[in-house]
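The values are calculated or read from the model by the stated rules, or taken from the named source; none is laboratory data. Keep in mind that what you see is a predicted model, and the values were worked out from it rather than measured. Positions of Cβ are generated from backbone atoms using ideal geometry, with glycine treated the same way; all protein chains shown enter the neighbour counts. With ligands, DNA and RNA removed, areas are computed over all heavy atoms of the protein, side chains included. Shrake-Rupley method; radii C 1.70, N 1.55, O 1.52, S 1.80 Å.
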Amino acid sequence: MEHEKEVALVTGAGRGIGLATARRLLEDGFHVVMVDLNAETLAASAGKLAEAFGAVEHHALSVTDRAAAAALIGGLPRLDVLVNNAAIFWDGKFDAISEDDFRKMYEVNVIGAFIMAQEAAKVMKRGGRIVNVASRAYLAGYAHAPYITSKAGAVGLTRSMAIDLAPRGIFVNAIAPGLIETEMFRSLTPERQQELIAKQPTKEVGQPEDIANGIAFFASPRTRNVTGQLLSLDGGRSMGISLY
């Protein structure tokens, strides 16, 4: 590791928004630590990035595993940026959702982010930045009750952490993506995809790189005095047009 470089840890970095974020932060000069649950996908993605940027540090772990998170973060020579991107998602009508569905999604999408942030805050110095990836879905949506609840939790967690960590000079912000061309979006039926696209003011699906650019703003050492904020990158959906 080039110790003079700032270090950014990105969870859910094996694909989609996490992978695009890792690439963007490498372009911005960070030493990037990629984290993902799927070791095979993570290694393949890190290998592709290595072709352009040299060896990229990567570690397979679950963000809900406190011991693994503590060991990884505690072993880094420094940590300047944490991007909490890891999440799980599925569609499901309200009367068909199980308690296990709710618990599992909340465990990963909220408690996992909390664990990673808490461990990161132990080692971050003044000027550290935490970026949580929430979702426009926190406002409302159809057949997404566990996901909406978890992403609303991510927004609340961001604001709470921003207040608690501000005296220590650690900035905490969140990004709220809308429809983005990821595995999550592609897991929906074609009919559901078209239904959601039709409600977009832009009538388009965003790209992971669009979200990575927003994350890079909050991750930049030049972004000072910004904390507790939510940046919506959703093609205008959060303006309140056809929320349901």
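The residues on offer are Gly112, Gly127, and the sole one that is among the small types (Gly, Ala, Ser) and on the phi > 0 side of the Ramachandran plot is Gly127. Against the test of being small (Gly, Ala, Ser) and either closer than 18 Å to Phe114 by Cα or modelled with pLDDT of 95 or more (or both), the options Ala145, Ala212 yield a single qualifying residue, Ala212.
Considering only residues that are open to solvent by less than 10 Å² (accessible area, probe 1.4 Å) and not in a helix (DSSP H, G or I), look in the range 9-29 and name the one that is farthest from Asp210 (Cα to Cα). Looking at the filtered set, the residue picked out is Leu9.
Which of the following residues is without any contact (Cβ under 8 Å) to a residue 24 or more places away in the chain, farther than 25 Å from Leu72 by Cα, open to solvent by 30 Å² or more (accessible area, probe 1.4 Å) and hydrophobic (A, V, I, L, M, F, W, C): Ala137, Ala152? Outline the logic, then answer.
Values: Ala137 fails: open to solvent by 30 Å² or more (accessible area, probe 1.4 Å).
Of Ala137, Ala152, the one residue that is without any contact (Cβ under 8 Å) to a residue 24 or more places away in the chain, farther than 25 Å from Leu72 by Cα, open to solvent by 30 Å² or more (accessible area, probe 1.4 Å) and hydrophobic (A, V, I, L, M, F, W, C) is Ala152.
A quick yes/no check of all residues on (1) touching a residue at least 60 places away in the same chain (Cβ under 8 Å); (2) among the acidic types (Asp, Glu); (3) within 15 Å of Asn85 (Cα to Cα):
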| site | (1), (2), (3) |
| --- | --- |
| Ala198 | no, no, no |
| Glu204 | no, yes, no |
| Pro208 | yes, no, yes |
| Ile211 | yes, no, yes |
| Pro221 | yes, no, no |
| Gly228 | yes, no, no |
| Leu233 | no, no, yes |
| Gly236 | no, no, no |
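Within the range 184-204, the set of residues being buried (at least 17 other Cβ atoms within 10 Å of the Cβ) and under 30 Å from Glu27 (Cα atoms) comprises Met184, Phe185. Being open to solvent by less than 20 Å² (accessible area, probe 1.4 Å), of a type in the set (A, V, I, L, M, F, W, C) and in a helix (DSSP H, G or I) holds for only one residue in Ala113, Ala71, and it is Ala113. Could you say whether any residue in the range 164-183 is more than 20 Å from the chain's Cα centre (by Cα) and surrounded by 17 or more Cβ atoms within 10 Å (Cβ to Cβ)? No; the residues of the range 164-183 include none that is more than 20 Å from the chain's Cα centre (by Cα) and surrounded by 17 or more Cβ atoms within 10 Å (Cβ to Cβ).
The combined condition, being over 27 Å from Arg222 (Cα atoms), more than 14 Å from the chain's Cα centre (by Cα) and small (Gly, Ala, Ser), is fulfilled by Ala67.
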